[in-house]
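**Q** What follows is a structure written as structure tokens; I'll ask about it next.
The values are calculated or read from the model by the stated rules, or taken from the named source; none is laboratory data. Note that the structure is a prediction, hence the values are computed from the model and not measured. Cβ atoms come from the backbone with ideal geometry, glycine included; neighbour counts cover every protein chain shown.
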Amino acid sequence: MADPKGFLKTRERELPARRPVALRLMDWKEVYEQGDAATLRRQAGRCMDCGVPFCHQGCPLGNLIPEWNDLMRRGEGRQAIERLHATNNFPEFTGKLCPAPCESSCVLGINQPPVTIKQVEVSIIDQAWANDWVEPHPPERLTGKTVAVVGSGPAGLAAAQQLTRAGHTVAVFERDDRIGGLLRYGIPDFKMEKKVLDSRLKQMQAEGTRFRAGVNIGDDISWSDLRARYDAVIVATGSTVPRDLPIPGRDVAGVHFAMEYLVEQNRVVAGDTVTDQITAEGKHVVVLGGGDTGADCIGTAHRQNALSVTNLAIGTQPPLERPEHQPWPTAPTLFEVQSAHEEGGERMYLASTVEFLSNEVGEVRAVRIAETEYVDGRRVPKSGTEREIPADLVLLALGFTGPESQGLESQLSLPFEQGVPARAHNYETDYSGVFVAGDAGRGQSLIVWAIAEGRAAASEVDRFLEGDTLLPAPVRPTDRPISL
Ligand SMILES: Cc1cc2nc3c(=O)[nH]c(=O)nc-3n(C[C@H](O)[C@H](O)[C@H](O)COP(=O)(O)OP(=O)(O)OC[C@H]3O[C@@H](n4cnc5c(N)ncnc54)[C@H](O)[C@@H]3O)c2cc1C
Ligand code: SF4
């Protein structure tokens, strides 16, 4: 990689430290350590306070990055968290888990490494928690209006916090036994320990948000009954339908969706007993699909002492550097190396999976793959290139096709468009008073977008209930990352 001025080395040195692999493999604790104060100040001080800060645009929340960089540079941590919380309810989630599209649009990034914005962000909130600066903000008066938020992922939580603070009485319904959505049962502790989530939930409870876990809306309470009981409803149920791979052998034992596997291990880490847990221990594991879900499967399999871990991707390997067709300030698709990848395993590109092969008792024993070739823009297996790779456990991390539609269609008659409930610019559906936010509305996405949509939907619900709103609305449902 061309780096005549050694900028990339500088950036590597300034990224957060990771605990040594030998120690990490033994436990489920977060991989990243807190950054040291001097490095953070230096990074924050690199911010140029641009006249037109493109990083605002790159961040779906419109985080006021130059402002808090400057405050951190000056050691004003308390003011920094206030500016950060002004646009982001949960900087600990984004500071640990966001892919940081803001850094792709940092002006410094034109000719040198961008400011490590995400690292500054997480340090601000870590410092705030450590100093008890994160306090509950209960409303001064109640409006007497009630809102049901269905789904307790980042979208539902952000909406609930905004509306509670605006004085509405908010109940968050969650069908799982614990609150948190994918932050609880999707994302492993080595990326974000659950105590981080629990601290924030405590603050929300102290503000007055009510949590109702173990309630499946559409089943335990119908959607129409819920709407009748509350003045407004926000559907923040996520994008939970996994993309399948209907090829020969799909039904052999040992081929699972990634979420079946990850949820079980997250439960075990939380102290639950899981009978017949799907585990990678002593197995050759093949993970189909890249992305965050695939990486989480890889990291989990390593911690369970898999014999080998192979990650297959059907497409080409993304480039290491920004390609010409994705110039600054867009967020380019680059070859990503997460901590889970560094811990081991093999990554194979242009690998089309054509069959799952089983042994005599019906358990998966191998995956037959072929080289991918592009025919008329379609990716197809190239004949004559087939080969087998051993597999005792196969995990499908191929993304999600959208939210579950049953109850919403049958009980509220909500029309679906392109796999998601149709909604207007104000997040409202055809059913008056029912709004949709987060992955349930935009399809599989990111935590930062979920928080942004939760905040924006909350402001629209507030307007619906009160006729006007003071809550900020950072994004519209159609907003997308900066692209060409
Ligand atoms: C394994 C994995 C790892 C990821 N890692 C990252 C990452 O590192 N960084 C990142 O930015 N993004 C990541 N993502 C994506 C990110 O987690 C999602 O975009 C985000 O959580 C979406 O938030 P949400 O609130 O819309 O929905 P979710 O977090 O999916 O929450 C929806 C909740 O609604 C509940 N629910 C559904 N239907 C009902 C019902 N009928 N009644 C009651 N409750 C219901 C569900 O149980 C769930 O808890 C990851 C996704 C996965 C699957
Ligand atoms: S939320 Fe994500 S995009 Fe926004 S400032 Fe933080 S790391 Fe950057």
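**Q** Inside segment 76-86, can you point out the residues that are of a type outside the set (A, V, I, L, M, F, W, C) and more than 23 Å from Lys191 (Cα to Cα)?
**A** Listed by number, the residues that qualify are Glu76, Gly77, Arg78, Gln79, Glu82, Arg83.
**Q** I'd like to know if segment 172-195 contains one or more residues that are charged (D, E, K, R), farther than 26 Å from Trp129 by Cβ, in the same structural domain as Ile451 (by TED's automatic domain parsing) and in a loop (DSSP other than H, G, I, E, B).
**A** Within segment 172-195 (the criterion being charged (D, E, K, R), farther than 26 Å from Trp129 by Cβ, in the same structural domain as Ile451 (by TED's automatic domain parsing) and in a loop (DSSP other than H, G, I, E, B)), the answer is yes, since at least one residue qualifies.
**Q** Is it fair to say Leu446 is at pLDDT 95 or above, assigned by TED's automatic domain parsing to the domain that holds Trp223, more than 16 Å from ligand 2 (Cβ to nearest atom) and not aromatic (Phe, Trp, Tyr)?
**A** It is false that Leu446 is at pLDDT 95 or above, assigned by TED's automatic domain parsing to the domain that holds Trp223, more than 16 Å from ligand 2 (Cβ to nearest atom) and not aromatic (Phe, Trp, Tyr).
**Q** Could you grab me the full set of residues in segment 290-309 that are assigned to a strand (DSSP E or B) and either surrounded by fewer than 22 Cβ atoms within 10 Å (Cβ to Cβ) or on the phi > 0 side of the Ramachandran plot (or both)? Before the answer, list the steps.
**A** If we filter segment 290-309 for residues that are assigned to a strand (DSSP E or B), which is where we start, we get 308-309.
Answer for segment 290-309, where residues must be assigned to a strand (DSSP E or B) and either surrounded by fewer than 22 Cβ atoms within 10 Å (Cβ to Cβ) or on the phi > 0 side of the Ramachandran plot (or both): just Ser308.
**Q** How many of the residues in segment 341-391 are closer than 19 Å to Thr293 by Cβ, among the small types (Gly, Ala, Ser) and touching a residue at least 40 places away in the same chain (Cβ under 8 Å)?
**A** Number satisfying all stated conditions: 3.
**Q** A further question on this structure: Only residues that are more than 16 Å from ligand 1 (Cβ to nearest atom) and in contact (Cβ under 8 Å) with a residue 60 or more places away in the chain: list them for segment 46-68, please.
**A** Arg46, Cys47, Met48, Phe54, Cys55, Gln57, Gly62
**Q** Just to be sure before I move on: is Trp133 in contact with an Asp or Glu (Cβ under 8 Å, 6 or more places away or on another chain) and more than 23 Å from Tyr427 (Cβ to Cβ) in the structure I sent?
**A** On the way: in contact with an Asp or Glu (Cβ under 8 Å, 6 or more places away or on another chain): no; more than 23 Å from Tyr427 (Cβ to Cβ): yes.
Judged against the criteria, Trp133 is not a match.
**Q** Pull up segment 133-181, narrow it to residues that are among the aliphatic types (A, V, I, L, M) and either within 16 Å of ligand 2 (Cβ to nearest atom) or modelled with pLDDT under 95 (or both), then point me to the one that is surrounded by the most Cβ atoms within 10 Å (Cβ to Cβ). Step through it out loud before you land on a result.
**A** Taking segment 133-181 as the starting set, the residues that turn out to be among the aliphatic types (A, V, I, L, M) are 134, 142, 147-150, 155, 157-160, 163, 166, 170-172, 179.
This time we only want the ones that are either within 16 Å of ligand 2 (Cβ to nearest atom) or modelled with pLDDT under 95 (or both), so: 155, 157-158.
Numbers: Ala155: 35, Leu157: 31, Ala158: 29.
Checking each candidate, the answer is Ala155.
**Q** I need the helices (runs of 4 or more DSSP H) fully contained in segment 33-100, keeping only those with at least 2 residues that are within 13 Å of ligand 2 (Cβ to nearest atom) and over 25 Å from Val337 (Cβ atoms).
**A** 54-58, 65-73, 77-85
**Q** What number of residues in segment 395-446 are buried (at least 24 other Cβ atoms within 10 Å of the Cβ) and either more than 15 Å from ligand 1 (Cβ to nearest atom) or hydroxyl-bearing (Ser, Thr, Tyr) (or both)?
**A** 1
**Q** I've got another one for you. If you go through segment 111-136 one residue at a time, how many are within 17 Å of Ala38 (Cα to Cα), charged (D, E, K, R) and not in a helix (DSSP H, G or I)?
**A** Of the residues in segment 111-136, 0 are within 17 Å of Ala38 (Cα to Cα), charged (D, E, K, R) and not in a helix (DSSP H, G or I).
**Q** Just one of (1) away from ligand 1 (no atom under 15 Å from the Cβ); (2) on the phi > 0 side of the Ramachandran plot trips up Ile125, so point out which.
**A** (2)
**Q** Further question: Hey, Val287 hits all of (1) more than 15 Å from Asp244 (Cα to Cα); (2) more than 16 Å from ligand 2 (Cβ to nearest atom) but one; which does it fall short on?
**A** (1)
**Q** Determine which member of the set Gly156, Gly144, Gly109 is within 28 Å of Gly441 (Cα to Cα) and in contact with a helix residue (DSSP H, G or I) (Cβ under 9 Å, 6 or more places away or on another chain).
**A** Exactly one residue qualifies, and that residue is Gly156.
**Q** How many of the residues in segment 233-264 are touching a Pro at 6+ places or on another chain (Cβ under 8 Å) and not hydrophobic (A, V, I, L, M, F, W, C)?
**A** Initially, segment 233-264 is screened for residues touching a Pro at 6+ places or on another chain (Cβ under 8 Å), giving 235, 237-241, 257-259, 262.
Within this subset, residues satisfying the condition of being not hydrophobic (A, V, I, L, M, F, W, C) are 237-240.
Result for segment 233-264: 4.
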